[in-house]
Structures are given as structure tokens and as C-alpha cells.
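Contents: one structure, followed by commentary.
The values are calculated or read from the model by the stated rules, or taken from the named source; none is laboratory data. Remember, predicted model here, so these are calculated numbers, not experimental data. All Cβ positions, glycine included, derive from the backbone under ideal geometry; neighbour counts span all protein chains shown. Surface areas here come from the heavy atoms of the whole protein model, side chains and all, with no ligands, DNA or RNA. Shrake-Rupley method; radii C 1.70, N 1.55, O 1.52, S 1.80 Å.
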Amino acid sequence: MIENEPGSLGQGVAYQYAYVATLTLSGAAFYLYVIHYFPPEIVGSVALLLAILQLFPLFFSLGLSYGWQHFTSYELGAGNLGKVNALLKTALRLSTWISIASDAALLLLAPYLSSLFFHSQSYIQAVYYLALDIPGSIFISFLNSIMLGLQRFKLSGMIGILYVLAVYISSIVALNITHSVDAIPEGWAIGYTLGAVLYFIEITRFLPHGKAEKYPMKQVFSYSIPLYVTGMLSYGAGYIDRLTVAYLKDLTSIGIYNLAILIASGIGILSLPIGSVIFSKFSEFYARNDNEMIKEGVRMSANASSILYVPAALGMAAISTPVISLLASSRYTQDALPLSIILFVNAFLVVGGPLSNALQGTRKTYIFILSTSAALLSNISLSILLIPHFDLVGAAIGYSSTSIVSVAIIYYFARAYGVINIDWKSISKIWSSAAVMFAVVYLVATLTSERLLFVPLYVLIGIAVYLLMLRLTSAVTDRDREVLSSLFPDNFWVTRVILRLI
């Protein structure tokens with residue numbers, strides 16, 4: 001067997017949180033830097049470059065990142081180390097060929113992409129430079145999935161932090177030197193290349209020794225292709241509102257609207273790392289045919305995600321206007337209502353993440369084609385219908401509908417396959433606590449005219465009220481305290497203090 005990395009699972013989760021936090025906060029800092037020093041048109045062009053950079057690796061990856069992580073953990077749980085070795089070597093070969101194909105397609109399509117979304121050929125050079133970023137992005141996606149599958153959560157997080165910092169620091173430096181949008185993808189390339197090299201070096205160090213068997217890739221593709229189709233549909237479902245804004249409006253509108261999406265995505269760092277870790281565990285439990293542990297994992301991760309995400313989303317919605325003014329400027333405050341809509345919907349549906357992880361971990365991947373197809377149709381219909389009349393609010397409704405439709409379908413199938421185990425009593429208490437916190441913070445913010453200088457005060461009041469309400473409602477059980485404690489290192493004193501308070 002491959003031994004888990006030294007230290008508790010909590011250390012691994014903590015580093016995954018640090019990685020996602022670094023990814024989100026660095027991306028936000030970069031975006032805010034562009035907002036403060038460049039006009040909204042340039043801000044919009046950066047948002048579109050990011051969208052293209054995400055699209056090409058996604059399109060050519062065939063969904064294999066999910067397959068690498070699932071089957072690595074599955075074979076690890078079954079004790080088949082030779083097959084783990086074979087998986088890695090296959091992943092390296094496919095990473096190379098997929099990178100070549102993806103870059104070739106980008107170079108061919110760059111003129112059309114520039115005309116369609118940028119409404120100008122002046123950005124074509126910046127699109128061409130994305131060819132420097134795509135190979136590193138693909139290698140990082142594949143190799144990090146292998147590392148997560150090996151359950152090297154801490155090391156995965158450490159490398160993630162390093163390469164993300166390199167991505168954004170190098171792009172800011174390049175932008176300062178050249179004052180050209182073309183420098184942004186050039187700077188990104190430094191970080192992505194560094195990350196790919198580090199993941200490759202570390203995975204080969206921890207790879208089990210022994211003869212590499214020929215792995216039956218048919219089952220990997222059978223597992224991954226539905227998730228690949230899902231990924232493409234999810235991209236459309238998640239971006240169609242932004243692309244519709246770009247097509248029907250202008251780069252200024254997309255630059256402003258993208259800030260709302262950025263903030264909403266930033267709150268997601270409170271639940272995303274739990275999903276990355278629990279997916280590997282579900283795959284391991286599936287190899288052991290331990291359905292009870294899968295159901296218990298759903299319960300624990302749903303409670304943990306709700307405790308962390310729901311208050312953050314509602315608290316941000318309560319002070320959305322001053323926060324947006326603080327991060328950007330007053331001309332971006334039209335994002336306040338769209339942001340609040342997205343945050344409330346995401347908070348209601350946070351339990352969908354653990355259910356998705358459980359279905360993926362037990363190879364029910366075809367379900368996601370149905371859920372994301374419906375989500376895409378919903379976003380397309382509502383975006384085309386609402387954006388011309390309601391602008392960014394219409395875009396937010398279209399964007400939020402994707403989560404509603406998708407989670408509803410996932411919930412139905414999770415019940416059908418017997419992997420659902422939601423503690424509604426605890427979650428209702430969490431929601432009651434967060435709702436009281438929202439009301440108090442919103443009232444205080446309104447009475448103080450939502451002053452920027454008072455934002456730290458609003459946050460402190462929100463935390464105090466939420467923790468008090470959790471204690472009064474007994475929302476956190478002894479079992480939940482154990483789970484929350486396991487998500488952080490043993491020497492993380494802040495966790496111990498908070499758990500005693502609630």
C-alpha cells in the first residue's frame with residue numbers, strides 16, 4: 001500500500017483550503033488591480049481571456065481529470081499499485097498529445113474568437129499568447145488529479161499555492177513593464193509552466209515502484225466521457241450569461257458583471273476543498289464496497305459545507321454594496337443585486353456538492369449529462385429572455401438557474417441510488433442562525449449608511465451573531481465538532497476556540 005502523507009487528514013484539508021484561497025484571492029487581487037488601473041473595456045478583455053483559457057483545456061481534456069483521480073483512489077483502495085503506476089504513465093502521454101491538439105486549435109481559431117467576442121482584431125495577439133498557457137494548464141489539471149487520487153492532499157496544496165502565486169505575480173509584473181494586455185498571458189505562462197514541472201517531479205517521487213501494467217483505459221474513458229460532456233455543458237451553463245452580455249452589450253458590461261461572479265466564486269472557497277478531498281474518499285470507499293461510509297461522508301460533508309458557506313454567502317449579501325465599493329469603485333455597485341441573487345441561490349443549494357461527489361465516486365457519471373444539459377438550456381433561455389430587459393439582474397437570474405436545475409436533478413438521482421443522507425434538522429438550524437445574522441448585519445449596515453470604513457465592524461458583528469446563534473440553537477452536534485476538528489491541523493488553536501464557543 002501507498003502510505004498517506006505524514007500528518008493528519010486535517011493538514012491535507014488545510015492545505016487544500018490554502019490552495020483554493022490562494023487561487024481565489026490572487027485571482028481577485030489581479031482582477032481588482034486591473035479594475036483600478038485600467039478602463040472597464042480592458043477589464044472585460046481580461047475576463048474573456050480567462051474564459052478562453054478555461055475553454056480549450058476543458059474541450060480537449062475529454063474529462064480525464066475526473067477519471068485520473070477516481071481510478072487512482074479506487075486502485076489505491078484495492079491495493080493495485082501496478083495499475084496506479086500505469087495510470088500515471090498514460091496520463092503523461094495523453095497530456096502531451098492533448099496539449100499539442102489544444103494549442104493547434106487555438107492558433108487556428110484565434111482570428112474568429114477575437115472578432116466574435118472582442119469585436120476587434122486588436123486583441124488577436126493576446127489570444128495567440130494563450131498558447132503558452134494551455135499546455136501547463138492541462139498538465140496541472142491531469143497531474144494534480146493524480147496527486148489527489150494518491151491522497152497527497154497536503155503536497156497538492158503546497159504546489160498549488162506556489163504556482164498560483166507565480167501565475168499572478170508574473171502577470172502583474174509583465175503588465176507593469178509593458179502596459180499591454182498581451183503581457184498578461186505571457187506572465188500566466190511562467191506560473192503554469194512552474195506548476196506543471198513541480199507536479200511532475202513530486203508525483204514521480206511518490207510513485208510506487210514496480211512494473212507498470214497496461215491499464216484498461218476503456219473503463220477510464222467510459223467513466224470520464226459523461227463528465228467531459230458534463231464539463232462542456234457546465235462551461236456553457238456557467239458562461240452563457242457572460243457571453244450573452246458580451247454579445248448583446250459591450251466589454252464594459254462584461255467587466256462590471258464579472259466582478260459579481262468573481263466575488264460569488266470567492267465565497268466558494270469555503271466548500272470546494274471539502275469536495276476535492278471527499279471525492280477521493282468516496283472512490284476509495286466504493287472500491288471497498290462500503291456504502292454506509294459513503295452515506296456518512298455525504299452527511300458530514302453537507303453539514304461542514306453548510307456551516308462554513310451559508311453564513312459567508314448571506315453575510316456577503318448583507319453588505320454587498322459597501323464591499324463592492326471597497327474592492328472596485330462606486331460605478332461597480334450595480335453588481336450588488338445580481339451578486340445577492342447568486343449568493344442566496346448558491347447558499348440554498350450548497351448540499352448539492354456532496355451529492356455530486358458521491359455520485360461521481362460511485363461511477364454514476366451519466367447523470368451529470370442530464371443535469372448540465374438542463375442547466376444549459378435554462379441559462380440560455382433565461383439569459384436571452386432577460387438580459388435585454390433587465391441587464392445584469394437578468395444575467396444573474398440566468399446564471400443562478402443553472403444551479404437550481406442541476407441540483408434538483410442530482411438530488412433526485414442521489415435518492416434513487418441510495419447515497420443521500422442529509423441531516424435536515426442540523427442544516428435548518430444553521431440556516432436559522434445565518435438568517436438572524438443576515439438580518440442583524442443588514443440592519444446595522446443600513447442604519448450606518450453602509451459606510452466603507454465600517455465594513456470590518458459589519459464582519460465582526462456577523463461572526464459574533466452567527467456563533468451565538470449556533471450555540472443557542474445547538475446546531476452543531478458533538479459528531480459535527482469532531483468532523484470540523486478533523487478538517488484542520490491539530491495545532492490550529494483558532495479551530496479549538498471556535499468549536500468551544502459553538
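Against the numbered list (1) modelled with pLDDT of 75 or more; (2) open to solvent by less than 20 Å² (accessible area, probe 1.4 Å); (3) closer than 26 Å to I169 by Cα, G44 comes up short only at (1).
You will find that of A131, A110, A104, the residue that is modelled with pLDDT of 85 or more and either β-branched (V, I, T) or part of a helix (DSSP H, G or I) (or both) is A104 and no other. For the stretch 361-386, the set of residues classified as among the polar types (S, T, N, Q) and without any contact (Cβ under 8 Å) to a residue 60 or more places away in the chain consists of S381 only. For the stretch 418-466, the set of residues classified as touching a residue at least 60 places away in the same chain (Cβ under 8 Å) and polar (S, T, N, Q) consists of N421, S426, S433, listed by residue number.
In summary, helices (runs of 4 or more DSSP H) completely within the stretch 440-502 and bearing 2 or more residues that are at pLDDT 60 or above and either open to solvent by 80 Å² or more (accessible area, probe 1.4 Å) or over 20 Å from V310 (Cα atoms) (or both) occur at 455-473, 478-486. Out of (1) at pLDDT 85 or above; (2) open to solvent by 40 Å² or more (accessible area, probe 1.4 Å), what's the single condition that is false for L94? Every listed condition holds for L94 apart from (1). Hey, any hits in the stretch 302-312 for a residue that's among the aliphatic types (A, V, I, L, M), more than 23 Å from H70 (Cβ to Cβ) and either open to solvent by 40 Å² or more (accessible area, probe 1.4 Å) or modelled with pLDDT under 85 (or both)? There is at least one residue in the stretch 302-312 that is among the aliphatic types (A, V, I, L, M), more than 23 Å from H70 (Cβ to Cβ) and either open to solvent by 40 Å² or more (accessible area, probe 1.4 Å) or modelled with pLDDT under 85 (or both). If I filter the stretch 152-167 for residues that are free of Cβ contacts under 8 Å to residues at least 24 places away in the same chain, at negative phi and open to solvent by 40 Å² or more (accessible area, probe 1.4 Å), do I get at least one hit? So far as the stretch 152-167 goes, no, none of its residues is free of Cβ contacts under 8 Å to residues at least 24 places away in the same chain, at negative phi and open to solvent by 40 Å² or more (accessible area, probe 1.4 Å). Of the residues that make up the stretch 229-236, is at least one modelled with pLDDT under 70, of a type in the set (A, V, I, L, M), surrounded by 17 or more Cβ atoms within 10 Å (Cβ to Cβ) and in contact with a helix residue (DSSP H, G or I) (Cβ under 6 Å, 6 or more places away or on another chain)? No - not one qualifying residue is present in the stretch 229-236.
Here is the figure for the stretch 60-101: residues that are hydroxyl-bearing (S, T, Y) and not in a helix (DSSP H, G or I) total 1. If only residues of the stretch 337-365 that are out of contact with any Gly (no Cβ under 9 Å at 6 or more places or on another chain) and modelled with pLDDT under 80 are counted, the one that is surrounded by the most Cβ atoms within 10 Å (Cβ to Cβ) is Q360.
Do we have any residue at all in the stretch 423-439 that's outside any helix (DSSP H, G or I) and at pLDDT below 85? Yes: the stretch 423-439 contains one or more residues that are outside any helix (DSSP H, G or I) and at pLDDT below 85. Could you please let me know if Y163 is aromatic (F, W, Y), under 22 Å from F59 (Cα atoms), assigned to a helix (DSSP H, G or I) and within 23 Å of the chain's Cα centre (by Cα)? The answer is no for Y163. Just one of the listed residues (G195, G191, G187) is within 28 Å of Y74 (Cα to Cα) and either at pLDDT 80 or above or surrounded by fewer than 22 Cβ atoms within 10 Å (Cβ to Cβ) (or both), and it is G195.
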